[in-house]
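The values are calculated or read from the model by the stated rules, or taken from the named source; none is laboratory data. Model, not experiment: these values are computed from the prediction. Cβ sites come from the backbone with ideal geometry, for glycine too, and all protein chains shown count toward neighbours. Protein only, heavy atoms only, side chains kept; ligands, DNA and RNA dropped before computing areas. Shrake-Rupley method; radii C 1.70, N 1.55, O 1.52, S 1.80 Å.
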Amino acid sequence: MERLHVRWPAALGVVFVISTATAQAQTTAAAQAATQPKIDGPTVYDPVAPRVFTGDLRRVAKTSIWREGDPVREVQDLKQTGGGTGRGARPDGNSIVAPPAGAPLPPSGSPLAFDGIPATGWTPPDTVGDIGPKHYVQMVNISFAIYDRAGTLLAGPSPINALWAGFGGACEANNNGDPIVRYDALADRWMLSQFAINVGRQCIAISRTSDPVAGGWFLYDFPTPGTPDYPKITVWPDGYYMGTQRGFPGGGLDVYVFDRVKMLSGLPAGQVQFFVAAPSLFLQPSDLDGPSPPTGAPNIFVRHVDGDQFGGADRLELFAFRVNWATPAASTFTPLPSIPVTPYDAVLCNNPFFGTCVPQPGTAQRLEGLAVWLMWRLQYRNFGTHETLVTNHTIDLNNTDRAAIRWYELRRVGAGNWTLFQEGTFAPDEGAPGPADDPHRWMGSIAMNKNGEIGLGYSASSTTLFPSIRLATRTPTDPAGQLPPPEVTLTAGLGSQTGSLRWGNYSSLDIDPTDDCTFWYTNEYYTASSAAGWRTRIMSYALPSCAPPTTTPLTPLHTVALSFGGVMTDSALPLDSGPELSFRYRRLRFLPQWSGEFETGIVGTETATEDGLLARLQGHAVFHPIPAGSVVQPFVLGGLGLAHFNGLNTSDTAFLLTFGGGVDFSVTPTVGFRVDIRGLTMNGMFGSGWTTSLHILFGGTWSF
């Protein structure tokens, strides 16, 4: 397929050259060379000691939120020059003011959806986040914020470099963005990062506890060779792994691992780095969800290669990064067998990098498709019987300059090679037959839950559809390579971006660690057309398999109790009671408000002339004034029975009546505590007539 020669000005910091050669013209030797890039390293760095932040993030400085008319700045990186550190505050201070509001959002396709960080004056926002047991942490260029799981803002939005405030160095002086946040489920900790691109530093913060708000942070400032553009950092048992690029297409790539174990303890931590020669097709490290990988398993890096541009067949290239912390110089970064895939075109609108093709309503401004690199994340999951990797990137659909999403599931069984289990191009027809009126779908993020179900979040836009946030899913029983209907609109956009081609750079779909099943997604959208008044949205979405069981809890039918107490006599009854031990059985709720009860007990007593034991046996009708299920259950009771006294020289038997009430307290559905007070009336005990005393019992209960 013929391609135009395009050379971008060097002032933009990157040069693009597109060959007119087709895949058929590539030689076998060139294809082999493309799959075996030159790798230099390892380079072992001296350990870096962290600073320690012990404050409360609710008290750090807040980000000045962009308003219409404020300057618009593009994040400085190797994709486009310009911008700055983003440290200056406006004269009017740090008050958080929302960007322009449009009409109210229509109903969301997500059961839980709330707005995240609003516009900061930077494009693109690089929207990213992650979900933990109690928090959702979101980052954008150039801010972070922390929410509870219901969407309540707990801290921020604050500048990312506010964490390093007062410590000096590049991580305090720069606020350049390209953020990543991960919840490290293996340690119940959080990791936040951004680059200081002009000075070659990677700033990484590790929470000291599971509380990202008030638990404190270990703050690392790692040196990097060159300029660490587009950093993506992932969680693996033996390290935090990172990939960066030095300038597309000829600058080359860097891959790193940081000593996770040391960082979690706040100790000086080392790093190991390899350089991978051009082309600068970004290498994405694998990111762990769910159970740990097999012991000693290397982290897998993956990139996609368009053979028409870079030689050979269209393929996924894989590399294994195996760190050796005992002898870091023995660490390896090794190419693995490449995986051929269905041919695709990774150039949109004759632009091999930005792919500025995506239209919007009401403006001539088109948005970047960024088809050149894999999208965040390359998710790894270990099912025991096999391991999986899922990833995605943007392609040109059938040479129509319409953005679509190519996605993959790779598998490995045992010690075998990684293979392609399934792949698909997601571009469902919408409206009239054919792609002409279909939206562009791009900026995807993909993940798989514990059930093997896949979610794909992405942006969608057209000349009649404002950029919106959507989600597609599949179950293991769906046809291979398909994300079948329905395509869910999580957030419908209400405006276009009029001031910049830069969109997203990435979004983030993550799995809830509390059930390892529910999808959480964050991306950008607009409520009204604006130069840079983007908003971000945080949404959760659960498939039916993730719902908790709907079976009705077993309602106990029986209760047994062991109680202590005694008969507290009055002057009419010639008995002084001692401690009593009793046993009770209750048949619960044979009618909605009634239970039946059987009780027996024995108490040490004495008359005026001798000691003895008083045994009793009785039955009760118990009335409950409130429905079952409450923690506190009052009741009243009444009943009759027999009492028998046996002393050294005397014995006597009498009828008894009981009337009174009490309260049952439930500790759990099966374990509780009971207190009751009743009058105990006996007829003919040591004489004629009825005598009454007070009876107090308390003790534990067990229901079944």
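Pairs of alpha carbons in the chain separated by more than 46 Å make up 35% of all such pairs.
Compute the accessible area per residue over the chain, keeping the other protein chains in place, probe 1.4 Å, unit Å². Numbers along the way, then the final one.
Values: 26280 Å² over 704 residues.
Solvent-accessible surface per residue comes out at 37 Å².
Taking label positions 7 Å along the Cα-Cβ direction at both S630 and F673, the computed distance is 1.8 nm, reported to one decimal.
Remark: spin-label model distance D188-H644 equals 5.7 nm, labels positioned 7 Å along the Cα→Cβ axis. One decimal place: the segment F421-L591 gains 55.3 nm when fully extended, by the rule 0.36 nm per residue minus the C-alpha distance.
Taking all Cα pairs closer than 8 Å and separated by 6 or more residues, the relative contact order of the chain comes to 10 percent. Sparsely packed loop sites in segment 599-654 (the GluC sites (Glu not before Pro) outside DSSP H, G, I, E and B with at most 16 other Cβ atoms within 10 Å) comprise E610.
Peptides 205-211, 513-519: what's the order by average Cβ count within 10 Å, highest mean first?
Details: 205-211: 20.3, 513-519: 18.0.
Those peptides, ordered most packed to least, come out 205-211, 513-519.
Ranking I395, T363, F353 by how far each Cα lies toward the positive end of the dipole of segment 343-409 (charges on Cβ) leaves T363 at the top.
By how many nm would the segment from L581 to T327 lengthen if fully extended, with 0.36 nm per residue of separation less the alpha-carbon distance?
Numbers: separation 254, 0.36 × 254 = 91.44 nm, distance 6.97 nm.
Here the segment from L581 to T327 would lengthen by 84.5 nm.
Provide the gained length on full extension for the span N683 to T43, in nm with one decimal, where the gain is 0.36 nm per separating residue minus the Cα-Cα distance.
Numbers: separation 640, 0.36 × 640 = 230.40 nm, distance 9.69 nm.
Gain on extension, N683 to T43, equals 220.7 nm.
Counting only Cβ charges, +1 for Lys and Arg and -1 for Asp and Glu, the dipole size of segment 194-331 around its Cα centre is about 340 debye. Taken about its Cα centre, the chain carries a charge dipole of roughly 980 debye when the Cβ of each Lys and Arg holds +1 and the Cβ of each Asp and Glu holds -1. A Förster distance of 22 Å, applied to the separation of the beta-carbon atoms of A320 and F383, puts the FRET efficiency at 0.65.
How high is the relative contact order of segment 366-457? Use alpha-carbon pairs under 8 Å, at least six apart in sequence, and give a whole percent.
Details: 176 pairs, mean separation 24.9, N = 92.
In percent, rounded to a whole number, it is 27.
Keeping the other protein chains in place, figure out the carbon and sulfur percent of the accessible area of the chain, with a 1.4 Å probe.
Numbers: 15890 of 26280 Å².
That fraction is 60 percent.
Alpha carbon centre of segment 603-667 versus segment 456-533: separation in Å? A separation of 67 Å, based on Cα centres. On the beta carbon distance between T363 and Q482, with R0 = 51 Å, the FRET formula returns roughly 0.90. Between A615 and T295, the distance separating the two model label sites (each 7 Å from Cα on the Cα→Cβ line) works out to 6.3 nm. Segment 379-446 and segment 182-198 have Cα centres separated by 27 Å. Would you be so kind as to identify which of L264, G662, I511 lies farthest towards the positive end of the dipole of the chain, taking Lys and Arg as +1 and Asp and Glu as -1 on Cβ and the Cα centre as origin? Projecting each Cα onto the dipole axis, the largest value belongs to L264.
Calculated FRET efficiency, T54 and T514, Cβ-Cβ r, R0 25 Å, to nearest 0.05? Computed FRET efficiency for T54 and T514 comes out at 0.35.
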